[in-house]
Amino acid sequence: MPQIHFLDVTNRDGVQTARTGLSKFGKTMVNFYLGRLGAAQSEIGFPFLFHEVPYVRAQIALAEAGAFGDLRLSGWCRGVAQDVEKAVRVRAGDTGLAHYNLSISTSDYMIANKFRGRLDRDAIIREMAAAVRAAKAGGARTVGVNAEDGSRTDDGFLKEFASAAKEAGADRVRYCDTIGGDTPDRIRKRFAELAAAVEMPVETHCHNDLGLAVANSISGALGDLEAGQDAWINTCVNGIGERSGNADLLSTILAFRHGFGLEERGIEIGDPIDLSWARRFALWASYAFGQPLPYNQVGVGRNAFAHESGIHADGALKDHGNYELYDEETLGPFPDDWHTRPGRVVLTGEYGGKAGFRHVMDGLGIDPADEDLAFKLVQLCNAQTGRPLTDDELRLIAGYPRELALLFPNQID
């Protein structure tokens, strides 16, 4: 039976959001939370970029040490063989990234107005195929090929592009609704036809310019399942992303768990999702990105389970199921971090000393694997983030200091 999998792109598309940013340590925490939540894969960033290299090495080492559970890590590259060849040389010891997504524009609009005569359809297929072969030659176990602006690419060329990608060794094709203009009925039909024609999964990558990113992601996935293929859905935490954002991770998971008419069809999530981490991830991301959550944010907003009007309040008091689709307790606890305590509190950070560090670690019941190294990493990570470290951040630092030290080459004696 085909299954649904979540491939989160917060660390690639999400961090590209204008007027925001995330430190490399912050990106590491995204992978930590995705692993705890049970997502299948994280698109961790751009391994061909010089400033991503130490971060990528640290992620590989952390994954090998078990910090991210079973989360698979993937790199994003342009569909250019030279970029891929540079990326696959990034290793931690003998280990490199095992998964890649390679992107190139496919629509006539972008061929005319982005490439401006530099590439035509034949050249796009040649570039893409060469990039796929380079990734597989470099040791990649799976490769997805992104059809950027796929929603404005005609059916015939999409099938030609996907078939050529499969022949070159690709495992999935990513259909990008790059400008967010698709609609649920249309995308479902296109996914079903494309997945059936090429006999491999078509991955959803939906933007929210019309407020339809989650609906389109669900519909596209249903088209995959109709064609007998697994569905891979791209998401971002809290729906962040370029312009109006990407499909929200939690909303999409909840839709497949609680959406009417889906469960009885036998639709199955193939990832070991643990929603008890949902609130901690969402609130941490809001804090780290500096983007307050809307009151009505699905599942985790301040008003997601709040009732005031007479009829609703009366019904919710009698049985919350009268006015709530799912139980709020399944989303886990709200964070109650050390640094948020009122009154007298001793913190640890960039300018802190050993006494404060030990006080906080003891207070949280944390026993660092390497106290001296963890202390230095607390200072460095706090300097990088520019804000007090959360309890989960301190726990990760204490548990995996040697692997995290790879984030800071030549900075730790």
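The values are calculated or read from the model by the stated rules, or taken from the named source; none is laboratory data. Owing to the predicted nature of the structure, the values given are computational and were not obtained by experimental measurement. Don't worry about glycine lacking a Cβ; one is built from the backbone with ideal geometry, like all the others, and counts go over all protein chains shown. When the accessible area is computed, the model is the full protein with side chains, heavy atoms only, and any ligands, DNA or RNA have been set aside. Shrake-Rupley method; radii C 1.70, N 1.55, O 1.52, S 1.80 Å.
In this view, the solvent-accessible surface of Trp277, computed with a 1.4 Å probe and all protein chains in place, comes to about 40 Å². When peptides 188-201, 244-257 are sorted by average Cβ neighbour count within 10 Å, with the highest value leading, the order is 244-257, 188-201. Can you give me the % of accessible surface on the chain that is carbon or sulfur? Probe 1.4 Å, all protein chains present, nothing else counted. Looking at the chain in its full context, I get 48 percent from C and S.
Using a simple charge model, +1 on the beta-carbon of Lys and Arg, -1 on the beta-carbon of Asp and Glu, nothing else, what dipole does segment 1-54 show about its Cα centre, in debye to the nearest 20?
Details: 5 positive and 4 negative charges, 34 e Å.
Rounded to the nearest 20 debye, it is 160 debye.
Here's the picture: charge each Lys and Arg Cβ at +1 and each Asp and Glu Cβ at -1 in segment 281-413, and of Leu325, His312, Trp338 the one pushed furthest to the positive end of that dipole is Trp338. Of the residues Ala278, Gly220, Gly241, the one whose Cα sits farthest towards the positive end of the charge dipole of the chain is Gly241 (charges of +1 on Lys and Arg Cβ, -1 on Asp and Glu Cβ, taken about the Cα centre). Cα to Cα, under 23 Å, and not fewer than 8 places away if on the same chain: which lysines meet these conditions relative to Lys136? Of all the lysines, those that pass the test against Lys136 - Cα under 23 Å, at least 8 places apart if same chain - are Lys86, Lys159, Lys166.
Summing Cβ point charges (Lys, Arg +1; Asp, Glu -1) relative to the Cα centre of the chain gives a dipole of roughly 1240 debye. Sorting the segments 213-221, 62-70, 393-401, 31-39 by their residues' average number of neighbouring beta-carbon atoms within 10 angstrom, most packed first, yields 213-221, 31-39, 393-401, 62-70. With protein chains left intact and a 1.4 Å probe, residues in the chain average 43 Å² of accessible area per residue. Amide H to amide H, with H built 1.01 Å from N, His207 comes under 5 Å of Asp177, Gly180, counting only residues 5 or more places away or on other chains.
Place the peptides 115-125, 45-55, 173-183 in order of packing, highest mean first, counting for every residue the other Cβ atoms within 10 Å and averaging per peptide. Intermediate results must be reported in sequence, preceding the final value.
Numbers: 115-125: 13.5, 45-55: 18.9, 173-183: 23.5.
Answer by packing, highest mean first, reads 173-183, 45-55, 115-125.
Between beta-carbons, use under 15 Å as the cut-off and find the net charge around Ala192, counting Lys and Arg +1, Asp and Glu -1. Residues close to Ala192 contribute a combined charge of -3.
Taking the Cα centre of segment 199-265 as origin and assigning +1 to Lys and Arg Cβ atoms and -1 to Asp and Glu Cβ atoms, the resulting dipole is close to 240 debye.
Counting only DSSP H runs of at least 4 residues, each contributing -39500 (n - 2.57), and dividing by the residue count of the chain, the helix-based mean residue ellipticity at 222 nm comes to -12500 deg cm²/dmol. The accessible area of Cys381, taken with all protein chains in place and a 1.4 Å probe, comes to roughly 0 Å².
Under 5 Å between amide hydrogens, built in the peptide plane, is the criterion, and for Ala231 it picks out Gln3, Ile4, His5 among residues at least 5 positions away or on other chains. A dipole drawn for segment 329-413 from +1 and -1 charges on Cβ atoms has a positive end, and of Thr390, Gly353, Gly363 the residue lying farthest that way is Gly353.
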